[in-house]
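Below: one structure, written as structure tokens.
Each reported figure results from applying straightforward, stated rules to the coordinates on display, with no laboratory input. Quick caveat: nothing in here was measured; it's all calculated off a predicted structure. Reconstructed Cβ throughout: ideal geometry from the backbone, glycine too, with neighbour counts over all protein chains shown.
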């Protein structure tokens, strides 16, 4: 499998898993879980993650940083750095968009919710959850996407 195809597969796997998990976490933490809300949140989040994945060269950025820090690819410190880079590249923008959509919907139904506290709470939860998920899921998804030729 060529690296472009494997990269797309990786983006689909990670985008799907992260969108599902963060949509669920967001809905549950808001206290207003609905199946239609979850589905729409997932679909919007998944579309955003695919768009960001097409634009942001995460692997190149991570490789550059680990190279500058002389970290061997696949070691614990490199994996932690990779997870942090991905988390900081995707999560703040995705959280901002998703919270804005939820906030606009709540305000349109008469809720008087201040945006900034809602966003900051969601951002902190999302950054922590996403970091853990990225760190834990990346090795398995790399094997699925790249097979035995997975970059370590």
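For a footprinting-style exposure proxy, rank 24, 51 by other Cβ within 10 Å, fewest first. Before the final figure, lay out each step's value.
Working: 24 15, 51 12.
Listing 24, 51 from fewest to most nearby Cβ atoms yields 51, 24.
Protection proxy ranking of 132-142, 83-93, by the mean of other Cβ atoms within 10 Å over each peptide's residues and highest first, is 83-93, 132-142. Taking the inverse of the mean 1/r over every pair of distinct Cα atoms in the range 1-83 gives a Kirkwood hydrodynamic radius of 14.5 Å. Against the chain, whose longest principal axis is taken from its Cα atoms, helix 115-146 shows a tilt of about 30°. In the chain, the longest principal axis of the Cα atoms and the axis of helix 58-68 are about 60 degrees apart.
Quick one: if the Förster radius is 35 Å, what FRET efficiency do residue 32 and residue 140 give, using the C-beta to C-beta distance and rounding to 0.05? That pair, residue 32 with residue 140, gives E of 0.65. Only helices enter this figure: runs of n ≥ 4 DSSP H residues, each worth -39500 (n - 2.57), summed and divided by the residues of the chain, yield -29000 deg cm²/dmol at 222 nm to the nearest 500. If you fit an axis through the alpha-carbon atoms of helix 3-30 and take the longest principal axis of the Cα set of the chain, what angle between them do you get, 0 to 90°, nearest 10? Rounded to the nearest ten degrees, it is 30. Would you give the gap between the C-alpha center of the range 1-70 and the C-alpha center of the range 99-152, rounded to a whole Å? That distance is 8 Å. Just so you know, the Rg over Rh for the range 3-149 is 1.01, from Cα atoms, with Rh as the Kirkwood radius.
Placing pseudo-labels 7 Å out from each Cα toward the beta carbon at residue 75 and residue 124 gives an inter-label distance of 3.3 nm.
Let me know the volume per residue of the alpha-carbon convex hull for the range 106-152, in Å³. Write out the running numbers ahead of the final one.
Numbers: hull volume 4.8 nm³, N = 47.
That works out to 101 Å³ per residue.
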